Amino acid sequence: MTDPLKLASEFPSADYAGWRKLAEEALKGASFEKKLVTQTLDGFAIQPLYTQDDQDDATRLIHDVLCTSVEPRETVTGWDIRQLHAHPDPVVTNSAILDDLENGATSILLKLDASARKGREINSGDVGVDGIALHCLADFECTLKDVYTNLATIALDAGAAAIPAAAMLAARMVDEDGADEAAPAFNIDPIGTLASTGTLPCAAEDALRHTAEISAELIDLFPLGTAISVNGAPYYNAGATDGQELACLLASGVAYLRALTDTGMAVDQAAGAIAFNVAIGTDFFAGIAKLRALRLMWTRVLAASGAEDASISINAVSAEIAMSKVDPWVNMLRTTVTSFAAGLGGANSVVCLPYDHLIGLPDSFTRRIARNTQLILQEESNVHRVIDPAGGAWFIENMTRDLANVAWKKFQSLEASGGILAALADGSLKKDIEAVWQSREKRVANRRDPLTGVSEFPNIAETKVSCDAPDLDAIQANGKARQTKYSQTVGNTLESLMDTARNGATIGHMFTDLYGTSAAITVPALTLHRRSEPFEALRKRADNYKSKTGAFPQIFLANLGKVAQHTARAMFARNFFESCGIEAITNTGFADAEPAAKVFTASGAKIAVICGSDPQYGDMAADMAKALKDAGASRVYLAGHPGDAKAAYEAAGIDDFIYVGSDVPGICRTAMDHISSDVRGDK
């Protein structure tokens, strides 16, 4: 008997050739390669469709190789939900840490303030700025009060003062019950510090040697922990491609691996002391492929180094370059994408940044949203239940292979040129990354890469997010009260540093004794960016204008004809200008120029944009432009590509044109100049 539910049997079998033919017919002569094939910034192509025929021997092996780099227990417990803490007050931070750990977080990242990160004392002007005021062991005790560090991983972000900070944390943890079960992440990373700040307090070679020596001692004390972090975030947040970030991660990892084995550590133990920190953007599939490619390449490095254990520790963090200060609630969607990609890509721990991270200090609500984003992915989506869940997907396997090939070539190029330190020192790496940023910036400006809530669907009347403004003077005074005097010389071994910490030495004291007070090496620092920054600058300028005048800068929409005739371009124009903070004054349309000019004058606007259909433009655009100029418009735009009529439109008084592909911030910057020509301080 024939099964009536086998509906597919009634249709011919599908194959790629048949699909390609139908696709080309639908394109009606347009180029298949230009319309449907995506060229990545790393130089390889992404096809619109993948089939089993796209698998080769290399892609078929990727999943098997990656399975050897994952601990099976992670499919039971899930990745580490790591919460960032940077409130300047150790007392407030302690309360927030306990709240996080009681409500689902399993790991804590402590970011030291700008003063401690630079190795300065608590009387510095940077105390409490961009981090916790952790300057002495008593500060660490206060911050980690009632925290069981053998159960929750404590990670550090301490910049140039990573070694003194690591000694502080080790001194706090080593005598606790269950210390041998603790898995701290000390995150010493002089290469990453050099890349992000442009300075190191000692010669790079000395920094690597001392890092390796201290790391060996730290791993002896905490065999389950990691001592070194290879941080790719500074490169990615400066604009680097995924391939460039991976190459920098690999080159830095190899440099640390060499330094560790030079101390006498076995290669397996040395590899286990290293963790990778990877920035994940909002390109979902690229984020998955990037983590898989890193695992694949590091496995190859370890195999070439004679290691038997192919496991790798990866912390993934939401990339700041992808987040925005305006319409920050959309950041919840962005960080959900980054966390989901991190989980599918096989991250061991994930930092989901709060949606107001770029604006100020998060409160309990924004931390809860960040924490619950990961909890939902784990507990309701069960993302972690499978080892390498993306394995076998033809598209992702090909993307992983192509990205790994590109990154490996870039890594080999870095090694051939003297390594990551040489590329930072001569500025060549910064130059390469800046070139990519310029390409990214252009794609955002013309909205080829749209930003929801920023360049698309803006809401200039949104309620601003407010954040806590702590009393830094009081925090500094309380920190001074916790300190005790220490005047002895500090040694350069971990044991010596821990002893001095117990006896009252500050991070600033340790730092000065270890390195002195001036930078020993200076290189061109990477410039951190956000894709939304040109729009943010104009939105801030618009807010300043409003604070001085009582209203946003405005543009009048000179809509032609009936609503159905002008709506499409009127909406386009409104979205275009409001993305940069210029409020659009709209209406139901005008049959001719004279009433439009009168309404324009009554609106109080200084500039206008003509919106309608192409046939209407041929009949009305010239008259409308002249009437608007006669009514006092200092600048008139036309919504739509002018084509061959550009010269005629310009002769009629139209100053510029807005259409798909236009430089939105550039055009709006000029418009803002015209609007605010008589208002001081709007910039």
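The values are calculated or read from the model by the stated rules, or taken from the named source; none is laboratory data. Bear in mind the structure is a predicted one, so any value in this text is a computation, not a measurement. Cβ placement follows ideal geometry from the backbone for every residue including glycine, while neighbour counts extend to all protein chains displayed.
Some observations on this one:
- A count restricted to region 23-59 and to residues that are assigned to a helix (DSSP H, G or I) and either among the acidic types (Asp, Glu) or touching a residue at least 12 places away in the same chain (Cβ under 8 Å) (or both) stands at 12.
- Residues (closer than 18 Å to Ser252 by Cα and in contact (Cβ under 8 Å) with a residue 12 or more places away in the chain) located in region 427-442: Gly427, Leu429, Lys430, Asp432, Ile433
- Annotation note: of Ala155, Ala162, Ala167, the sole residue that is free of Cβ contacts under 8 Å to residues at least 60 places away in the same chain, buried (at least 21 other Cβ atoms within 10 Å of the Cβ), within 26 Å of Leu224 (Cβ to Cβ) and assigned by TED's automatic domain parsing to the domain that holds Asn315 is Ala162.
- Taking region 632-654 as the range and being in contact with a Lys or Arg (Cβ under 8 Å, 6 or more places away or on another chain), within 14 Å of Lys606 (Cβ to Cβ) and either polar (S, T, N, Q) or buried (at least 19 other Cβ atoms within 10 Å of the Cβ) (or both) as the test, the residues that pass are Ala633, Ser634, Arg635, Val636.
- Residue satisfying all of: in region 605-645; touching a Gly at 6+ places or on another chain (Cβ under 7 Å) and among the small types (Gly, Ala, Ser); nearest to Asn559 (Cα to Cα) among these: Gly612
- Only one of the numbered conditions (1) touching a residue at least 12 places away in the same chain (Cβ under 8 Å); (2) under 30 Å from Arg300 (Cα atoms); (3) surrounded by fewer than 17 Cβ atoms within 10 Å (Cβ to Cβ) is violated by Arg20, and that is (2).
- Among the candidates Ala390, Ala445, residue that is over 30 Å from Leu61 (Cα atoms) and in contact (Cβ under 8 Å) with a residue 24 or more places away in the chain: Ala445
- Complete set of residues in region 120-134 that are closer than 30 Å to Asn348 by Cβ and more than 25 Å from the chain's Cα centre (by Cα): Leu134
- Filtering Phe44, Phe11, Phe32 for residues that are under 13 Å from Asn398 (Cβ atoms) and either modelled with pLDDT of 90 or more or among the hydrophobic types (A, V, I, L, M, F, W, C) (or both) leaves a single hit, Phe44.
- Meets criteria (under 18 Å from Val664 (Cα atoms) and either assigned by TED's automatic domain parsing to the domain that holds Gly640 or surrounded by fewer than 20 Cβ atoms within 10 Å (Cβ to Cβ) (or both)) for Ala573: yes
- Some residue of region 308-318 being surrounded by fewer than 20 Cβ atoms within 10 Å (Cβ to Cβ), among the charged types (D, E, K, R) and out of contact with any Leu (no Cβ under 6 Å at 6 or more places or on another chain): yes
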